[in-house]
Amino acid sequence: MSGFKGRDVISILDFTRGDLEELFDLADEVRLKGVKGRPLEGRIMALAFFEPSTRTRLSFEAAMKRLGGETIGFTSEEATSVAKGESFVDTIRMLDSYSDIIVVRHRYDGAARLAAEVAENPVINAGDGKQHHPTQAMLDIYTIRVLEGGVDGLTIGVLGDLKYGRAASSFILALTHYKPKQVYLISPPQLRARREVLEEARNRGLNYREVENLEDVIHELDILYVTRIQKERIPDPEEYERVKGSYRVTLEMIERKAKKSLKILHPLPKVDEIDPRVDTTHYAAYYTQAKLGIPLRTALLLKILA
Amino acid sequence: MSGFKGRDVISILDFTRGDLEELFDLADEVRLKGVKGRPLEGRIMALAFFEPSTRTRLSFEAAMKRLGGETIGFTSEEATSVAKGESFVDTIRMLDSYSDIIVVRHRYDGAARLAAEVAENPVINAGDGKQHHPTQAMLDIYTIRVLEGGVDGLTIGVLGDLKYGRAASSFILALTHYKPKQVYLISPPQLRARREVLEEARNRGLNYREVENLEDVIHELDILYVTRIQKERIPDPEEYERVKGSYRVTLEMIERKAKKSLKILHPLPKVDEIDPRVDTTHYAAYYTQAKLGIPLRTALLLKILA
Amino acid sequence: MSGFKGRDVISILDFTRGDLEELFDLADEVRLKGVKGRPLEGRIMALAFFEPSTRTRLSFEAAMKRLGGETIGFTSEEATSVAKGESFVDTIRMLDSYSDIIVVRHRYDGAARLAAEVAENPVINAGDGKQHHPTQAMLDIYTIRVLEGGVDGLTIGVLGDLKYGRAASSFILALTHYKPKQVYLISPPQLRARREVLEEARNRGLNYREVENLEDVIHELDILYVTRIQKERIPDPEEYERVKGSYRVTLEMIERKAKKSLKILHPLPKVDEIDPRVDTTHYAAYYTQAKLGIPLRTALLLKILA
């Protein structure tokens with residue numbers, strides 16, 4: 001476990017394909033055989049959620065508690081001394097002296113990296129700014145491994161807000177560790193992936209193409225990764241309605257055009273970007289994906305702390 | 001324990017008198033002998049409180065933790081991805097995959113039943129809509145059993161907002177499992193018990209009568225169950241003040257008219273519907289009732305999960 | 001441990017110097033050797049934070065959890081039945097019946113004392129009103145013991161809002177248990193220590209002097225205890241800026257005038273009353289002080305509950 005022991009988890013690019021596969025092997029073990037005893041008894045995780053989160057926070061908490069560990073922390077900025085004007089760095093220093101590991105979510109890019117510089121104990125980025133959400137990306141790749149055996153050779157679409165959505169960016173960066181046959185980045189022009197993400201993808205040899213219409217490529221896809229288009233990203237309401245409509249994944253479109261073996265992923269929560277009738281079909285893999293968050297994060301905590 | 005194992009707790013009517021007595025027997029054991037070891041170690045309870053609650057939530061948490069289990073969850077809707085537009089059903093699905101049991105509170109009737117349909121693990125209704133709060137009703141009946149040996153043969157008054165108050169409705173429904181001598185439903189005309197509750201009571205043979213004045217019946221009562229009349233239920237402020245005044249339980253009225261053995265219950269929190277001077281008299285049973293919430297809910301969790 | 005067992009912690013004046021030294025001896029043991037096993041397994045701490053807090057709350061939580069205990073509670077008034085109009089006393093009664101110890105923070109003077117009168121289990125004051133924050137004062141004195149071997153014979157400055165700041169008042173009261181050579185109370189005229197605090201200090205023989213300028217006395221100090229001056233305390237904005245500026249601790253002033261061995265304490269959170277360049281110098285003892293909150297509160301919980 002040397003590759004993870006005591007390590008910070010800030011960006012998916014800090015890890016190698018080998019690291020990830022080692023992590024996924026342990027996640028498989030946790031998933032299939034469970035965890036024996038209380039390996040993290042007496043250890044404390046600090047949750048520093050400066051931005052609200054349900055899924056990421058609760059899955060980290062559940063994983064820690066199943067391992068016999070405990071959590072402290074806060075779930076929104078208002079409830080903290082940050083509201084009294086305390087600096088981010090002082091808040092992190094405090095948490096660092098009260099706990100064994102810090103899980104940070106923050107709206108600003110670079111917050112988790114800064115926390116890791118200040119803290120002596122490991123820091124896990126639970127999403128900061130527009131770009132990094134490494135444990136989500138690990139989960140996404142792990143889900144594909146569980147469903148399809150691996151990422152290599154697959155044709156993968158990433159749909160939605162590729163500019164501001166940190167889950168989408170992290171997923172694209174994670175794909176650069178692998179050799180998918182083809183990656184389609186599907187978004188309206190205003191929400192195309194950021195230049196720094198595309199450059200990284202190009203430099204690392206990812207075979208990607210930017211397209212505007214899902215309908216043009218859906219028949220090729222093995223995996224469709226859907227993300228939400230948030231209203232506030234597109235100021236003009238008419239434009240928003242148009243965009244939203246044309247990026248909605250309907251059951252009709254899937255049944256008419258997609259491969260029978262297509263799997264749809266989504267970091268969740270979803271609002272109406274996927275037709276709810278899809279939820280109960282074999283295409284929907286997002287509930288499985290959410291469920292895999294527990295073994296994946298359990299394995300990660302074991303790797304870092306045990 | 002077959003009657004409870006893995007079971008949902010949605011309405012008090014889903015249980016038989018036999019189920020309840022079996023539960024109360026275990027609650028007695030927990031209360032008098034304590035719990036040995038950590039029978040729920042490694043198990044996780046998800047608290048899905050879409051509406052705030054202190055007493056119900058904290059007694060569930062304390063019971064779970066005393067049993068060696070753990071909790072995750074949220075205590076208000078704003079703090080969740082529901083605020084981002086996620087559906088109730090998706091939120092429940094997530095919690096279901098992160099935990100072993102879900103405790104739900106929600107302002108809408110039927111929310112707990114819907115959660116139970118979606119979730120694979122057991123769901124406990126911690127109060128939904130205007131009608132159901134089954135663990136409160138269990139606690140109320142259990143309190144009467146502890147104080148009086150049982151409900152059969154007693155004369156019982158239920159006072160206050162019988163229309164919108166879910167604790168009062170659940171208590172009335174719970175009484176239909178027993179044979180009280182007489183039940184008085186005491187409320188202003190605007191806040192009489194709902195038709196569906198009264199029909200259920202009638203069909204199940206409960207000997208009840210609706211009255212408007214506490215003073216007319218207080219001398220007969222063995223148990224007086226008081227609930228709060230909320231300001232927002234009576235739009236006209238003058239009318240509200242009049243109603244509130246005439247449904248206030250004063251020490252004078254009790255000392256002048258009630259049996260010396262009268263016991264007053266209240267689901268709490270109370271505001272000013274009971275004269276605070278009553279708090280320290282032998283009539284006040286509501287603090288005992290609150291305290292019994294721990295053994296009762298401990299027993300319930302053991303029945304369902306152990 | 002007879003002096004603490006089952007005891008309330010309301011004011012630092014309720015304890016003797018002997019009590020404190022006994023507590024600090026155990027804190028040393030916890031700090032240097034750790035805690036064996038889970039001495040508080042099955043015990044529950046109720047957090048009754050009617051006012052928000054991060055540091056005090058999280059250090060109590062972390063201490064309790066490291067000892068194998070558990071916590072329940074609330075972290076702001078809005079989230080509780082107090083918001084529905086429940087009395088403080090009823091809320092405390094409820095928590096008392098659900099837990100083994102209550103930690104209270106409240107904006108009103110006397111709230112913790114009232115809670116202790118109502119509750120059967122021990123109550124710890126985590127700060128109430130303008131005057132009492134006994135566990136902070138214990139921590140402050142303990143920090144000085146760790147850094148300097150003890151308080152006797154030292155020259156100590158207390159800077160900032162001595163009128164409304166409960167940490168400063170409690171620290172001054174705590175000093176009366178010891179024999180510092182000299183205590184300087186340094187504040188603007190509007191924010192001088194309250195008469196009752198000064199009377200107590202005088203009656204208990206504390207050698208103190210009130211001064212207005214830090215610069216006049218800084219060269220004498222072994223310890224400088226800094227507290228925040230809150231904007232709302234000084235209604236006139238110009239006056240506030242002037243006051244704030246002249247009570248700011250700068251690196252220049254320290255390097256020019258202070259003893260090389262000066263240690264600066266602060267209850268934290270700090271905003272801008274200390275130049276951030278001081279943070280990384282050997283003068284800054286406030287992060288050490290924050291860290292010592294864990295062994296100190298761990299020792300206190302052990303003394304009271306074990």
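The values are calculated or read from the model by the stated rules, or taken from the named source; none is laboratory data. Model, not experiment: these values are computed from the prediction. So basically every Cβ, Gly included, is an ideal-geometry build from the backbone, and we count neighbours across all protein chains shown. Heads up: the accessible areas ignore ligands, DNA and RNA and are worked out on the full protein's heavy atoms, side chains in. Shrake-Rupley method; radii C 1.70, N 1.55, O 1.52, S 1.80 Å.
Some notes on this structure:
- Mean sequence separation of contacting Cα pairs (under 8 Å, at least six apart), scaled by the length of chain C, corresponds to a relative contact order of 20 percent.
- Kirkwood analysis of chain A, using all unique Cα-Cα pairs, places the hydrodynamic radius at 19.8 Å.
- Antiparallel DSSP beta bridges within chain A, as percent of all bridges there, nearest 5: 5
- Cα-based shape type of the protein assembly as shown, given that a ≥ b ≥ c are square roots of the gyration tensor eigenvalues and the cut on a/c is 1.5: oblate
- Among A:ASN121, A:ASN213, A:ASN203: highest mean-square fluctuation, GNM of chain A, C-alpha pairs under 10 Å: A:ASN203
- Taking a Cβ cut-off of under 11 Å around C:ARG57, the surrounding Lys, Arg, Asp and Glu residues balance to a net charge of +1, with basic ones at +1 and acidic ones at -1.
- Approximate spin-label separation C:GLU252-B:SER261, in nm, with each point projected 7 Å along Cα-to-Cβ: 8.4
- Remark on segment A:259-283: accessible area falls by at least 20 square angstrom from chain-alone to full-complex state for A:PRO269, A:LYS270, A:VAL271, probe 1.4 angstrom.
- Shortest-first distances to equivalent copies, position A:THR16, nm, label 7 Å out along Cβ: 6.5, 6.5
- Calculated [222 nm] ellipticity per residue, helices only, for chain A: -12000 deg cm²/dmol; basis is -39500 (n - 2.57) per DSSP H run with n ≥ 4, divided by all residues, nearest 500.
- Point-to-point label distance, B:ARG204-C:THR16, nm (Cα→Cβ direction, 7 Å offset): 6.2
- The C and B chains share an interface that buries close to 2100 Å² of accessible area, total over both sides, probe 1.4 Å.
- Distance from the Cα centroid of segment A:288-306 to that of segment B:253-294 is 49 Å (rounded to whole angstrom).
- Percent RCO, i.e. relative contact order, over segment C:35-116, from Cα pairs under 8 Å lying at least 6 residues apart: 40
- For a straight C-alpha distance cut-off of 15 angstrom, the aspartates and glutamates reachable from A:LYS231 (same-chain residues fewer than eight places away being disregarded) are A:ASP161, A:GLU239, A:GLU241, A:ASP272, A:GLU273, B:GLU86.
- With R₀ set to 35 Å, the beta-carbon distance separating A:GLN190 from B:LYS84 gives a calculated FRET efficiency near 0.95.
- Spacing of the two label points (7 Å from each Cα toward its C-beta) at B:LEU32 and A:GLU148, in nm: 6.3
- Of A:THR280, B:TYR142, C:ALA284, farthest towards positive along the dipole that unit charges on Lys, Arg, Asp, Glu beta carbons give the protein assembly as shown: B:TYR142
- Local electrostatic count, C:ILE218, Cβ distance below 15 Å [Lys/Arg +1, Asp/Glu -1]: -2
- With contacts taken as Cα pairs under 8 Å and at least 6 residues apart, segment A:23-72 reaches a relative contact order of 49 percent.
- Distance to the A-onto-B rotation axis is smallest for one chain A Cβ; residue and value in angstrom are A:GLU70, 5.
- Of the solvent-accessible surface of chain B, computed with a 1.4 Å probe and all protein chains present, 47% belongs to carbon and sulfur.
- Each other copy places its own label point for A:ASN207 at 8.4, 8.4 nm from this one, sorted shortest first, where the point lies 7 Å along the Cα-to-beta carbon line.
- For segment A:32-106, applying the loop criterion from DSSP together with a ceiling of 14 other beta carbons within 10 Å to the GluC sites (Glu not before Pro) yields A:GLU41.
- Rounded accessible area per residue of the protein assembly as shown, 1.4 Å, Å²: 37
- Inter-copy label distances at B:PRO235, shortest first and taken from points set 7 Å along Cα to Cβ: 4.2, 4.2 nm.
- Membrane-span-like helices of chain A, defined as complete DSSP H segments with a Cα extent of 18 Å or more along the helix axis and a mean Kyte hydropathy of at least -0.5, are identified as A:134-148, A:286-305.
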